[in-house]
1. Could you grab me the full set of residues in the stretch 126-150 that are over 18 Å from the mean Cα position of the chain (by Cα) and on the phi < 0 side of the Ramachandran plot?
2. Please work out which one of (1) assigned by TED's automatic domain parsing to the domain that holds residue 298; (2) in contact with a helix residue (DSSP H, G or I) (Cβ under 6 Å, 6 or more places away or on another chain) is the condition residue 188 fails and give its number.
3. How many residues are farther than 27 Å from residue 116 by Cα, in contact with a strand residue (DSSP E or B) (Cβ under 9 Å, 6 or more places away or on another chain) and not in a loop (DSSP other than H, G, I, E, B) if we restrict to the stretch 258-303?
4. Output the residues belonging to the stretch 41-53 that are modelled with pLDDT under 95 and over 16 Å from residue 96 (Cβ atoms).
5. Of all residues in the stretch 83-110, which are of a type in the set (D, E, K, R) and more than 17 Å from residue 266 (Cα to Cα)?
6. Identify the single condition in (1) of a type outside the set (Ser, Thr, Tyr); (2) within 16 Å of the chain's Cα centre (by Cα); (3) loosely packed, with under 15 Cβ neighbours inside 10 Å that residue 286 does not satisfy, given that it satisfies every other one.
7. Would you mind stating whether residue 109 is surrounded by fewer than 19 Cβ atoms within 10 Å (Cβ to Cβ), in contact with a strand residue (DSSP E or B) (Cβ under 8 Å, 6 or more places away or on another chain), polar (S, T, N, Q) and modelled with pLDDT of 95 or more?
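The values are calculated or read from the model by the stated rules, or taken from the named source; none is laboratory data. As the structure is a computational prediction, the values presented were derived from the model and not from experiment. All Cβ positions, glycine included, derive from the backbone under ideal geometry; neighbour counts span all protein chains shown.
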Amino acid sequence: MTTKITIPKRQDMFLFDSLIDDYSFYKESSIEYKNLDELEEFFLSVREQAVSSQINDLRVAYSQIVENVQLTNVGKNIKEKFEIAHKYFIRDYYESPVYYAIHLLFFNNKDFVHNNVEFEGLDILFEELSKNRTVILNGLHMDLYQILLNYVAEKLKDYTISLYGVEQSLRKIEKINSIYTPNISNIEYSYIDSLDDKPYPLIFKKAFKDIKDNKIVAIPPEVSMGIGPKEKTKLVGLDVVLPQGSALLSHKYSIPVIVVHTIRLNNSKIKITFEKPIYPNKENTKENIRSQSKEIFQQISDIVSFYPETWSGYDVLNYLMEGAYKKGEF
């Protein structure tokens, strides 16, 4: 090494605020460590220092995740559930932030993308777009979900993707993308003030307009956008509130919902998967909207059961079961 890289002394290394404020550190590191394996090792060591500095707080978070996983039906027994919780904690709190940063830094490196990003079911997405011009994408919070839409947008340069999410976090993602991937200009950021069940007439009007304008609407499946009574459905064995925002849009405009998710296979290598489309019923009725919503959640449950150590839903089981974040928690 010819230069000494100064590591910022902060507890949130590789998290959203640090990725914004400490961009020069990440960029300089990626230049200094030309070998990807060496960069991963260096970044993981930096992340370990940040994690160890807040070990008392993380001990509480770890215990809560273990407890939450035990509530679900993932895993065959208590031992297996504990192993899932442990693997999830290591991935989500320690490893995923590092690999998110690496993908941001090398997003425009063709060799890196060729070697580390694979798609499954991309033909499914293109087929539906050829028939409908637009779809509703339900992006799951699994593994490197923060980078998911960037790669999708890169594949869909002729389309505009309107991403809906909670304003507080979505603004940070928008800022991060403007710094690291400014060439991705076909993502719009549509802010929802909160995730509770208050109606959002203006945000729904925008979603209607987006679809009419043949934009792809990307909505996390747990976002209801204020639609529907507090009905329950099953998700990983739990009774959770059933959001119906995606299904309502699907029925109103007769377009399918496609669940998409990211799995980190090893180190920086990820797989982005588009699941089989979930189609609306021919009749746009409340019962059919509810039925499609339940079908979406069943598909999600199957995915989580197959990749249980990757799902970020364990952190927010209270929200999923109650239907609303308490003010200030998100």
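1. To start, the set of residues in the stretch 126-150 that are over 18 Å from the mean Cα position of the chain (by Cα) comprises 126-134.
Hits for the stretch 126-150 are 126, 127, 128, 129, 130, 131, 132, 134.
2. Result: residue 188 passes all but (2).
3. Residues in the stretch 258-303 being farther than 27 Å from residue 116 by Cα, in contact with a strand residue (DSSP E or B) (Cβ under 9 Å, 6 or more places away or on another chain) and not in a loop (DSSP other than H, G, I, E, B): 9 in total.
4. Correct list: 49, 52, 53.
5. Taking the stretch 83-110 and keeping what is of a type in the set (D, E, K, R), we get 83, 87, 91-92, 95, 110.
Listed by number, the residues that qualify are 83, 110.
6. (2)
7. Numbers: surrounded by fewer than 19 Cβ atoms within 10 Å (Cβ to Cβ): yes; in contact with a strand residue (DSSP E or B) (Cβ under 8 Å, 6 or more places away or on another chain): no; polar (S, T, N, Q): yes; modelled with pLDDT of 95 or more: yes.
Here the answer is no, as residue 109 does not meet what is asked.
This table checks each residue for (1) within 30 Å of residue 183 (Cα to Cα); (2) surrounded by 13 or more Cβ atoms within 10 Å (Cβ to Cβ); (3) touching a His at 6+ places or on another chain (Cβ under 6 Å).
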residue	(1), (2), (3)
19	yes, yes, no
24	yes, no, no
34	yes, no, no
51	no, yes, no
57	no, no, no
70	no, yes, no
75	no, yes, no
96	yes, yes, no
116	yes, yes, no
